[in-house]
1. Could you tell me whether the stretch C:295-302 includes any residue that is away from chain D (no Cβ under 14 Å), out of contact with any Ser or Thr (no Cβ under 8 Å at 6 or more places or on another chain), touching a residue at least 60 places away in the same chain (Cβ under 8 Å) and part of a loop (DSSP other than H, G, I, E, B)?
2. Kindly indicate the residue of the stretch A:6-29 that is of a type outside the set (A, V, I, L, M, F, W, C) and more than 8 Å from chain C (Cβ to nearest Cβ) and also surrounded by the most Cβ atoms within 10 Å (Cβ to Cβ) among those meeting that condition.
3. Output yes when any residue across the stretch A:99-110 is crowded, with 16+ Cβ neighbours inside 10 Å, more than 14 Å from the chain's Cα centre (by Cα) and within 11 Å of chain C (Cβ to nearest Cβ), and no when none is.
4. Take the stretch D:169-207 and flag every residue that is over 14 Å from the mean Cα position of the chain (by Cα) and more than 13 Å from chain B (Cβ to nearest Cβ).
5. Can you name the residue in the stretch B:56-81 that is more than 14 Å from chain D (Cβ to nearest Cβ) and of a type in the set (D, E, K, R) and is also nearest to D:A81 (Cα to Cα) among such residues?
6. Pick from the stretch A:45-61 the residues that are more than 7 Å from every other protein chain (Cβ to nearest Cβ) and under 22 Å from A:A109 (Cα atoms): which of them is nearest to the chain's Cα centre (by Cα)?
7. Output the residues belonging to the stretch A:65-75 that are more than 10 Å from chain C (Cβ to nearest Cβ) and under 15 Å from the mean Cα position of the chain (by Cα).
8. Anything in the stretch C:311-346 that is loosely packed, with under 13 Cβ neighbours inside 10 Å and farther than 25 Å from C:Y169 by Cα? List them, or say none.
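The values are calculated or read from the model by the stated rules, or taken from the named source; none is laboratory data. From a predicted model like this one, the values you see are computed outputs, not experimental measurements. Backbone-built Cβ (ideal geometry, glycine too); neighbour counts: all protein chains shown.
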Amino acid sequence: MPDENFEPKIIGFFCNWCSYRAADMAGTARMNYEPNVRIIRVMCSGRVDPDFVMAAFAKGADGVLIAGCHPGECHYNNQNFKTMRRYALLKHTLRAIGVEEERIRLQWASAAEGAILARSIDEMVERVRELGPLNWPKQWEAPPEVEEAIKMMEAEHAEALEVTA
Amino acid sequence: MSRPPSTQPFLHEVIEATPGGEALKTCLQCGTCSGSCPSGPDMDHSPREIFAMLMAGMEDEVLRSNTPWYCVSCYYCMARCPKDIPITDIMYTLKRKSIEARLYDDSAAPDWSESFMGYVESYGRSFELGLATQYHLTHSPLSKVSLGTFALGMLTRNRLGLLPERIEGMDQLNAILEKAKELEAH
Amino acid sequence: MSERIGIYVCHCGSNIAGVVDVEEVARWAGENIEDVVIARDYKFMCSSLGQELIEEDIRKEGLTRVVVGACSPHLHEKTFRRACANAGLNPYFFQMASLREQIAWVTKDRERATKKAKSLIAAAAERVALHAELEPFTVPVNPATLVVGGGIAGIQASLELAEAGYPVYLVEREPSIGGHMAQFDKTFPTLDCAACILTPRMSEAEAHENITLLSYSEVEEVSGFVGSFKVKVRKNARYVVEEDCTGCGICTEKCPTSVVDDVFEAGIGYRKAIYRPFPQAVPKYPVIDTESCLYFNTGKCRICEKVCPTEAIDFEQQDELIELEVGNIILATGYETFDATRITQYGYGRLPNVFTSLEFERLCNAAGPTEGKLVLRDGVTEPKSIGIIHCVGSRDVHYNPGCSAICCMSALKFGHLAIEKSEADVTSFYIDMRPIAKGYEEFYDRLMEEGMHFVRGRVAEVTDVALAPEEEGKLIVQVEDTLLGKQRRVPVDMVVLMVGLEPRPDARDVALRFGISCSMNGWFTERHPKLDPVATMTDGIFIAGTCQGAKDIPDSVAQGAAAAARVLSMITRGHVQIEPIVAEINPEQCSGCRICNELCPFNAIDYIEADAVSEINTALCKGCGTCVAACPAGAITGAHFSNQQIMAELDGLLFDVNEHDETMQPEPTAA
Amino acid sequence: MRYAYYPGCSLTRSARAYAESTAAIVGPLGIELVEVEDWNCCGATEYIAINKSAAYALVGRNLALATSIEDVETLTAPCSACYLNLKKVDRYMGEYPDLNQRTNTALAAGGLSYEPGTLHVKHLLDVITEDIGVEVVAGSVSQPLAGIKLAPYYGCLIARPALDDEPAHDTEQPHNLDDLLTALGADVVDYPVKTNCCGGHMAQISASTAYGLIGKLIGAAAKAGADAIVTICPMCQLNLDAYQTQVNRHLGTKYKMPILYFTQMIGLAMGMKPADLGFGQEIVSGKPVLAKVGLPVHEPAGPTPKRRSRRNDPSLPMPGSRGER
């Protein structure tokens, strides 16, 4: 049974050009949404190192939301395509180590799409609330298989990045 | 973010009871709906006026109006509305509210809907001849001559059944409809 | 050595304080965050008193780091960095938390809002402690400017800059500059003749020694950054040698092919295959439209070549690629009109006597296809009655949700022209009359006096199906007269659809090419809707006129001049500072794997064979950080966004993880 | 192609001609219709006026029953009102979770359930013009309807409200029936009122309102020189056909406009016998139309007007016109 009082902690990685401005826009337009997402600004969603995502979980986050410009609208030409590839791998890896894939989400939001962003946040919060706490830090010392999986992930991740755009 | 509708409870009720009804709040009173309405000239208030009356909290007048009952479900208003207000669906909602409130003094249209559904609830299918006869005898016995022309033509071409058809799963249908009505009442 | 951090929590009047318990956040920060020596809350941090507060604390309390929790950094980051710099602190020892946009304006629950505020402040404090001293790069500003679009806004901007003595490249896609304004007959509300006020400015632009006019040309590629952009322009082949052409027009006169002119004549007039859009076109040189030219299609004809007295026709001419270097760019790419065939119930395209507003402009124009005679589609009959329908494709969620800003006034202008030119009875069908600027309401009064009729109601349909004898052979405008609450059928001879203004269909591609953004509808987005309406989020790129949103001529001209003023201030300063946010490779750690090389979209990373390491050219790096995230050896550092800084931010954001554990003690869900 | 088929009440009685002609033409077009077993009335436009939950449940039962038919993705209905009700319930259930839950709770009382989106609901006309294709229909024509002038009448509910994200039709001036009739060899007249209302149930509630609407529809067809109006909905057929006498009396007109189903016209063009297509059941006789089939093909009336030479032709081009003059 999900605990009704559980408020998930979700870390947002938002690119400076589109999605962080979408958040600004949602604010300016006073769109009400769940306060569970705490945002880190990066210059581009391409800056989101998979290690950041793993670290966020490791430090106690229940979910991670990556937001960037729409494919084809990246401020840096096409770096968000790299985000897309990493995201797929991240999902894959998380699944492999038993983390529900809804705990990570990629949302494209242009500077004008405050409403889309707000809706996406609400949806994600609701979903993660249903899933319950992840509570990684508590089990962090433990299973060697997790350590193993992380190593695998890192290996896979390095390999994947050799396949260039 | 929207303000709680404390000042206009009836408007809020109508919005709640209509899928997509929220858009009604954005009505700009342009009159596209009323200009498009094929039975508009026969309505005592144009659809646009009905929306203005809803905003003004004139519940009683709205429910007494013939407007929803003259809606022919052609959906011109809904397709043309620049604010995507589900106008036809709002008219259905107003019909339901009006039947509940029993304020509309010409019972012809509500009776037609109710007789129609009476047959459906008894047989699972509609029954044109029975319906037409029952309805016309109640509401316009004097015009039964013209009804006669209509019925005769239809009968001679075997286009009206003399007996209603009944579906096999009447029990199942009734169970479903009973449950639905129970849900609606809540 | 530990830092001395100052924390400032802004009330923003009641904007933040109304939802977030700002006193509590400041108190909590002061007591719980490491190295915080001062934590204050203050009414308006961005006020001069607020800034002085920071400056004083830096001086007196020896702050080494500053955090402000207020609005979005996109609004006031620069303000507070300047305050730090004023007090002698490196401006990059500052970090901002967006308590207003990300919390107060979007959250209702005070308790949860306050907790989120604490986490953002904690994250900023954790991060700022690890900030490195940075210096912005200073780059020179090339005094030349590129203006894209030769409508009235672009012409205005070009002339302002040229008059100030700086070079301008004015690029126009069509064969002539002038834009939509050149198509109009009169301008509201003063009824000046559009050509009389526009054409002198066009000639002035062409003749100006500081303006290089590139008509029939398009920008293909933009690279570089503020101060030194590189631009590739394709100058389409005109098949006419400009140096030789005298603009005598004999080629056009003798050309045997006549086609419908969809652009300048809005589809109601014809032009030749070799043509100038209009007699006063600037430049005066014609172009050959290869799609309709007989020679290009069949290999025969060449009449223009034969009749040209100066041998200026060159069928072999090729497109030319021109490379320009400019310091700033002004986009004034204008608008498109709404395609009226999309609203089928108005009958445009099916009913001959339904016209668009642009067609009507051409009908009224003395230089137009009817020489200014107001006639029906048959070209002969004068209409006895005209219905003008407002808001066609505007204020409609199916097409364009916004108001097109100019149609009410244009409709009044049309009313005046129709009354002046004909006997016709004119009726305007409007939802709301919006004559909002100086002299506009007076013009509305004037039209009421002149006898124009007004029906308040958005037209439901225009039909030719008559239901009464007086409707036979007419167009019937069906509408609810909302002031009467009655459905009306108004028979007229001619219907004019006031088509709305839309972004150019390729606005998104253009925005992408110049690195700026568009609204949902496709209008270019300004840096700030009120306080910075002609700048964009991209330094050095400005916008003017209707590419930013629907507006009339006076507003377009004002924006053209405003954009020029912004550019002039950059040119006069001579240099510009750019953010030192770039990546750097530590050669000690680099394994030479070259993964990063291919990732960089700006080719800023080179592999140095001799040392077997990669190296970043900071002049080309734009700081996206993708290579930083990808480096498997962790050898790349992104300035101001280092791994350590982001990890620290994470720690701050999750300050309450343990708190949560104590209260919840949840079952683990992960494997 | 195989479809779940919901005939609707009218096709069992007043619109038997529609049912018969549909049955006759689907085979040759490669369509297999599998009737939904023990279907019930869709509620027309009436039930929703009485009780919303019951109206959705009523239609929901049909959708649920249709899912038991194997190997079909699409449910088709020849009646526009049935079509819209089925489509709307499927669509709204998908869009509004509360409505979905209520409807399924009610269905559960009868041991049924329906997951919105399971079936694609399509009008019979769209099945023929989109899935089969106008060219295929043209290929099956053995007796072109040359010389017959037809007014294509769509009525409201196939065109509006446009519930799909990318609706198949314009909400005001659709053209797939025009295209189909042209493919059958008929002359299609310009019929701008093609999606106007036939009066719906107004013939019962306010006859004068209905007569006005019907008169407008028949009048526009007569004025355009149509030999018949072709419908795609039994309710439209009934209103225009069975009330035509009353309309004439009411408006003082003398219309004798046959109102025929598009499936009857397809059958005729395929060379089928009129009796097998339900001809003779219409109140206003369709015989004049039949008489024209098989007559020697006339040259199209009136030569296309020659383009006047440039000098003499002051007219302005129509929107969208291209090319030279």
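1. no
2. As a first pass, look at the stretch A:6-29 and keep what is of a type outside the set (A, V, I, L, M, F, W, C): A:7-9, A:12, A:16, A:19-21, A:24, A:27-28.
From what's left, more than 8 Å from chain C (Cβ to nearest Cβ): A:8, A:12, A:16, A:19.
Values: A:P8: 23, A:G12: 27, A:N16: 23, A:S19: 32.
Among those residues, the one meeting the criterion is A:S19.
3. Yes.
4. D:T182, D:A183, D:L184, D:G185, D:A186, D:D187, D:V188, D:V189, D:D190, D:Y191, D:P192
5. Kept after step one, since they are more than 14 Å from chain D (Cβ to nearest Cβ), are these residues of the stretch B:56-81: B:56-62, B:64-65.
Within this subset, residues satisfying the condition of being of a type in the set (D, E, K, R) are B:59-61, B:64.
Details: B:E59: 30, B:D60: 31, B:E61: 30, B:R64: 28 Å.
The qualifying residue nearest to D:A81 (Cα to Cα) is B:R64.
6. We begin by selecting, within the stretch A:45-61, every residue more than 7 Å from every other protein chain (Cβ to nearest Cβ); these are A:45, A:50-51, A:53-54, A:57-58.
Okay, now just the ones that are also under 22 Å from A:A109 (Cα atoms), so A:45, A:50, A:53.
On the way: A:S45: 10, A:P50: 10, A:V53: 7 Å.
The qualifying residue nearest to the chain's Cα centre (by Cα) is A:V53.
7. A:L65, A:I66, A:A67, A:G68
8. C:E311, C:E316
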